[in-house]
Structures are given as structure tokens and as C-alpha cells.
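What follows is a single structure, written as C-alpha cells, with notes after it.
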Amino acid sequence: MTTAPEVDRELAAQILPFDAFDPEYHRDPYPFFQRIREESGPVFRTPGGMVCALSHEAASVVMTDPRLGYGDAPVVADQFVPNPDGPPGRPLIFMDPPDHTRIRALVSKAFTPRTVEGLRERTRQFAADLMVKAREEAVDGRIDLMAAFNRQLPALVLDALIDVPTKYHELFLGLANISGRGLDPGFILTEAEKKQRDEARDGFVQAGLEMATERRASPGKDLISQLAAVQGEDGEQLTELELGMTLMNLLAAGFNASAALLGNASLALLRHPEQYRWLRENPDRIVGATEELLRYDSPLQIVPRTALAEVEVGGIVMQPGDHVAAILAAANRDPEYYTDPERLDLSRPVSRNLGFGHGIHFCVAAPIAKMTAHAAFAELVKHDIELAVDEPKRFPGIVLRTLGELPVVLK
């Protein structure tokens, strides 16, 4: 008995402008984007009908034009969470207005500048304590920086923000990588990977609702208590499913996306020792340096959208139902927008990068993630660190670019 292949590679090759299964692509996708831009231009349509936006200008349009959203196309519906009591649950990042507008407004009430500033000093101390612990536990000075620092720091910050009970920590760290891989389009995932993705999301939702129930009974000053009680101007609150989906987004992003940012950036710093030294000598430039590191190798690489009405992107007219991919990794190295974009330059004048998206779906937790990164890089450059391997292992996702490990030597 023969079985059909789990993944239709020919279909993927028709839709995507690169080979999603090529290890060289996952190691370093940027030369691929350079060649694609040179051969096909900044905006083009693949044989499978996908419009690809590689320029900074076109990618920005994709993320801000209201005629481009998510809709209910199968490629998007694949990301929904089943709901036995009604319509499937949409993660906030896959919602369109007016639902997105309403829920985003409620969630934003919990992410104030005061909240960020209130965590800044604690985050610095978390970073310092983690490096002390890493040195104590290192064997011959060797550690996995991802496991010892880059994943632990965002988890500690999220714990301070949300007050995550200790019993959930290992669970969330395990679920985060699976759910991150699940952001990839379903046509490049095996059935086993989809099953793992769905189970990871269910795990986040269930744990989030358990914590929300506890906070309703005994509210505190943490984010979950605020979200469980938050009300809009008309008195509306998040439904139980909306609350569960929102907490899933926050937990998955907090335990994974921030760690991906720290991993990519710390690897870039270690591969550019002159930039590492510059940051050590210029600690007051940490904010601009973080923006450059985010531009240079951002964790969020691709953002999909669906045409909800006729719309033009980079000279290509799209009809309702057509799909477009804003390739942020390419847009962040657009030579028409950045000078010498392939070079990491921490002293580069700060300009708008697309590392956290743009428009109404700009990452709601970006201020917390950036504050965490500021503390992380300020602490890392105090130490003499060398890479222990030439090519650290990466997870194979094409939407979220993240390291699996980062072996280093603490000198």
C-alpha cells in the first residue's frame, strides 16, 4: 500500500519563491532574498499565484492597506482554533477589524509605558543574575546561551508581568517552540507537525484560562488579572474564548518570539566582534543598537495577507481572495531604503524597521520585548564570550526565525 507524501513539495515550490526545505536557506536566507530581488524584482507573483513583496515600501503597504487582511481563506483558517460551542477561535494576530480593533483596544490597556518602566530595573537584575548562574553552571566555560540566558530572560520578564506559577514554566518553554513552528503555512507542515501545533495551542489556552479563573477569584496587579477584568468604553469584556486566545498569543510570544530576537541578535554580535566591542564602549547607544539588530536578523520573517477587495501592490493588481506575503526579512535589507543594508552597523541612524511588523498588527508587546533586549545586550557585552560552533542549530520555521541552541565559551 502506498501513501501520499506528507508535504506537497511541488505545491510549496509553486507558491513560495524559495525552497522552504533547503537547510542552506534556514542557515542564511538573506543571500536568497538578494538573488530573488535581482531576478524577479521587488514585487512579483509566483507561479502558484502568491504575490511577494520584498521592498520596504511594498511590505509596508501590505501591512497597512485596509483592503488587505486575513478573511477566511483556507490558508488562514488553518491557523484557527476549533471551538465546539461556536465559531472557531482566531488568534489576535489573525483577526480583521472590527474584532481586531475591539480586542486590541482592550489588550492595549494592559501595556502602558508605566508598566514597561516598572519592569526595567527588575529586568536588568534578572539578566545579571542569569549570567552569574550561567558562569557557575558552565562546564569548562561552555554553556548553551539559548537555554541559559536567551530563553530564561523573557520567561522571567513574562513571569513578572503575568505572574506565571512555577508549575507552568517548563510546560510553556516546551510548547513555545512548537507553536512558533505552527505559524508556518499548513502546506509545508506534516500532519504530525500540525497535530503538535494544535496541541501546543490548546495547552496555552487551557493554562491561560486556568490562571484567569484563579485571578478572577483572587485578583492581583498582574496582566492576567487586568485582562480578565478589563472593560472597554461600552463596558464590553473579553469573552472566555477571546481571553484564552489572547493569553495564548501573549504566552507563546513571550516565551518564544522574544527568545528568538535575543538569539538572533546575540549570534550577530558574536559574529561581529568589532560591533560587540563598540556596544561595550557605547552603552548609551543600546536603544539604537537594538533597532539595528532587529533589522539585521529579525525573528518575524514573513507576514501573510489576503486581498479583501481589489488592491494594487507594487504595480500588481490583486483580486479578492488573492494572497500576498510581505517578506520582512528582505524589506529590512532593502537597498532602496537602507544604505549598505547587508552590513551590521550598530551606529546606524535609527530608521523604521519592520522587525515587529507595521500597521494595526504591530506587535502589542513590542515595548516589553525591546526593553528586555536592552537589558540583555547591556549585560552580554560586559562578558567575554566566544562562539563554540560555526553554525548553531536552528528550528526550520520560515515565519519565525529562531535558534535551537547557541553554544558559547565564557572566557
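Please treat every number below as a calculation from the coordinates, not as lab data. These numbers come from a predicted model, not from an experiment. Don't worry about glycine lacking a Cβ; one is built from the backbone with ideal geometry, like all the others, and counts go over all protein chains shown.
Tabulated values for the structure
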quantity: Assigned charges on the beta-carbon of Lys, Arg, Asp, Glu; the chain dipole about Cα centre (debye); calculated: 940
quantity: Loop trypsin sites (Lys or Arg not before Pro), the range 208-290 (other Cβ atoms within 10 Å of the site Cβ: 13 or fewer; DSSP); calculated: K221
quantity: GluC sites (Glu not before Pro) lying in DSSP loop within the range 271-317, provided at most 14 other Cβ fall within 10 Å; calculated: E310
quantity: Percent antiparallel among DSSP beta bridges (both partners in the range 9-410, rounded to 5); calculated: 90
quantity: Within the range 193-233, GluC sites (Glu not before Pro) in DSSP loop having at most 11 other beta-carbon neighbours inside 10 Å; calculated: E233
quantity: Evaluated at q = 0.11, 0.12 Å⁻¹: base-10 log I(q)/I(0), Debye formula over Cα of the chain; calculated: -0.83, -1.00
quantity: Order by protection proxy (mean Cβ within 10 Å, highest first), peptides 357-364, 151-158, 115-122; calculated: 151-158, 357-364, 115-122
quantity: Relative contact order (percent, whole number), the chain, Cα cutoff 8 Å, 6+ residue spacing; calculated: 27
quantity: Dimensionless Rg over Rh [the range 173-291; C-alpha; Kirkwood]; calculated: 1.12
quantity: Neighbour-count order for T290, T213, fewest beta carbons within 10 angstrom listed first; calculated: T213, T290
quantity: Two-decimal log10 I(q)/I(0) for the range 308-411, as the Debye equation yields it once each C-alpha is a single scatterer, q = 0.11 Å⁻¹; calculated: -0.56
quantity: Helix-derived mean residue ellipticity, 222 nm - over the chain, DSSP H n ≥ 4, -39500 (n - 2.57), to 500; calculated: -14500 deg cm²/dmol
quantity: Distance between modelled label sites at E38 and E57, nm, 7 Å Cα→Cβ extension; calculated: 2.2
quantity: Neighbourhood charge, 14 Å Cβ-Cβ cut-off, centred on R37 and excluding it, Lys, Arg +1 and Asp, Glu -1; calculated: -4
quantity: P(r) tail fraction, the range 87-236 - alpha-carbon pairs more than 24 Å apart, %; calculated: 48
quantity: Simple spin-label estimate for K382 and H169 in nanometres, 7 Å along Cα-Cβ; calculated: 2.1
quantity: Binned Cα-Cα distance frequencies in the range 1-129 - 5 Å width, integer %; calculated: 2, 7, 10, 13, 14, 14, 13, 14, 9, 4, 1, 0, 0
